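Structure record follows, encoded as structure tokens.
The values are calculated or read from the model by the stated rules, or taken from the named source; none is laboratory data. These figures come from a predicted structure and were not determined experimentally. Using ideal geometry, Cβ is built from the backbone for each residue, glycine included, and neighbour counts are taken over all protein chains shown. The accessibility values were calculated without ligands, DNA or RNA, using every heavy atom of the protein model including side chains. Shrake-Rupley method; radii C 1.70, N 1.55, O 1.52, S 1.80 Å.
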Amino acid sequence: VQWCPSRHYIEDQRELLLRAPQPPLISRQEGLPRRAQHTRMARMVATLVVAACALTANGDEPSAAALAPSCGALSEETPQTVDGPYGSSIPRVDAATTTAAAVRALLTEFGVVVVENAASPAQMDALDADLETNRGRMFRGRPGSFAGADITRNSAKPLAESATARDLAVHPLVLEVAKTHLAPWCKRIRLGACTAMYVDPLNVSDAPSPAQVFHRDDMIWNGDLFWTSDCNAQNNKPTLGISAMWAISDFTALNGATRVAVGSHRQCPRTAQPTPAMRIEQAVMPKGSVLLWDDGTFHGASARATYEELLLASQDDDVDASLLVRKSLFFVYQLGWTMPEHNFFFAMPTPLVRSSTFSAELQGLLGLDGLNAPEVDAHPWTSGPVYTLPYMGGADGQAAGDGVQYEM
């Protein structure tokens, strides 16, 4: 009953334990899920907590007799083993040994993949130091909002604040996956969003925000429109974008690692929330990893643990509260002819974006590419490409997608 103030976190973990065939468990070492033989016990404890809190809220006594039915079926379960170093069935690869083709194949099949060791700890430390100087200019979500009161965000401008952020935006493996994954539906891709997100409670004694509602990132372009009919023609339905979440710090069960409904990008017709048949996994991953998902995949932040739960997990009276902090850098790569979520040119000085500080490749991702006729180039008003959309859209071989035709 003493855990009832943290019931959002408990309920979130119980949902994962009940629905995931290989559920994540809290380790007593560093708060990381581990290979464990106690899945059944963890499920029963979570179920008991939820049931006890419900009884207490109704003014009833959470006695053993009252709680027994809640664990009836669970008590007969055979303990499950957990495969993989982090107890998660989200596909995982190592950046040092994988290829863009292999990552894309996993992304196509499962809608999500973790690439470990994609960046070094030193790179993540440098990124963290760059962004830390600007944390006072970040915004925090309202209580109960989609953004979350536990999360502070630095949107659109991290590219101007950190050389490491600029490097990660054009990371060779991630960019090749994005380009090849989206190539069937456009000639060029765009960077649609860049946000630094910190799960960092104002006070460790505060109750955690509820888990973020499950959502698909392609909802900003009404992606459901393509998945409401003709479900036998899934191979012809466009992928509007892919998202990349870089782990500046470890993503753990305690600090609210992202939840993902594996394979939900293929659902047709779509539902507003994951169905009971979908496999919900938590993307626990070490610092320097990147989580990639198809923008049609259901996902959302988990509820973080309370400080009391952190103490219980660590069995240490002087545990570091920073284990509840989760830091990340988020990118969206999208079809070149779709509207970006962020207007980078209102968030960063245009002269800086057009300077050598930004590589030509990154400038192109932000929209500084296209085609001009020679006489337009010479006009004093013109400072960049005028024809952009035809240059971005249309598959190769389509005349309408070859841009404006002109004589030299």
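If I filter the range 82-97 for residues that are at pLDDT 65 or above, of a type in the set (Val, Ile, Thr), in contact with a helix residue (DSSP H, G or I) (Cβ under 9 Å, 6 or more places away or on another chain) and buried (at least 18 other Cβ atoms within 10 Å of the Cβ), do I get at least one hit? Reasoning before the result, please.
Taking the range 82-97 as the starting set, the residues that turn out to be at pLDDT 65 or above are 89-97.
With the extra rule that they be of a type in the set (Val, Ile, Thr), the set shrinks to 90, 93, 97.
So of that shortlist, the ones also in contact with a helix residue (DSSP H, G or I) (Cβ under 9 Å, 6 or more places away or on another chain) come out as 90, 93.
Subset that is buried (at least 18 other Cβ atoms within 10 Å of the Cβ): 90, 93.
Yes, the range 82-97 contains at least one residue that is at pLDDT 65 or above, of a type in the set (Val, Ile, Thr), in contact with a helix residue (DSSP H, G or I) (Cβ under 9 Å, 6 or more places away or on another chain) and buried (at least 18 other Cβ atoms within 10 Å of the Cβ).
Based on this model, can you work out whether Thr252 counts as modelled with pLDDT under 95, surrounded by fewer than 17 Cβ atoms within 10 Å (Cβ to Cβ) and polar (S, T, N, Q)? I'd like the intermediate steps shown before the answer.
Working: modelled with pLDDT under 95: yes; surrounded by fewer than 17 Cβ atoms within 10 Å (Cβ to Cβ): no; polar (S, T, N, Q): yes.
Taking the combined requirement at face value, the residue does not satisfy it.
Looking at the range 62-74, which of its residues are modelled with pLDDT under 70, surrounded by 12 or more Cβ atoms within 10 Å (Cβ to Cβ) and either assigned to a loop (DSSP other than H, G, I, E, B) or of a type in the set (S, T, N, Q) (or both)?
Passing the criteria: only Ser70.
Tell me, yes or no, whether the range 262-272 has at least one residue that is in contact with a Pro (Cβ under 8 Å, 6 or more places away or on another chain) and open to solvent by less than 30 Å² (accessible area, probe 1.4 Å). I'd like the intermediate steps shown before the answer.
Residues of the range 262-272 that are in contact with a Pro (Cβ under 8 Å, 6 or more places away or on another chain), as a first pass: 264.
The next check asks that each one be open to solvent by less than 30 Å² (accessible area, probe 1.4 Å); those that pass are 264.
Checked the range 262-272: at least one residue is in contact with a Pro (Cβ under 8 Å, 6 or more places away or on another chain) and open to solvent by less than 30 Å² (accessible area, probe 1.4 Å).
Only one of Val325, Val376, Val386 is at pLDDT below 70 and of a type in the set (Val, Ile, Thr); which? Can you show your working first?
Working: Val325 fails: at pLDDT below 70; Val386 fails: at pLDDT below 70.
Only one candidate qualifies: Val376.
Are any residues in the range 321-356 within 28 Å of Asp294 (Cα to Cα), part of a helix (DSSP H, G or I) and open to solvent by 10 Å² or more (accessible area, probe 1.4 Å), and if so, which ones?
Scanning the range 321-356 gives Phe345, Phe346, Ala347.
Could you list, ordered by first residue, the pairs with Cβ atoms under 6 Å in which the first is in the range 248-273 and under 21 Å from Phe110 (Cβ atoms) and the second is modelled with pLDDT of 90 or more and polar (S, T, N, Q), at least 6 apart or interchain?
Ala257/Gln282; Arg259/Gln282; Ser264/Thr297; His265/Thr297
Looking at the range 299-310 only, could you name the residues that are out of contact with any helix residue (DSSP H, G or I) (no Cβ under 6 Å at 6 or more places or on another chain) and assigned to a loop (DSSP other than H, G, I, E, B)?
Within the range 299-310, just Ala301 meets the criteria.
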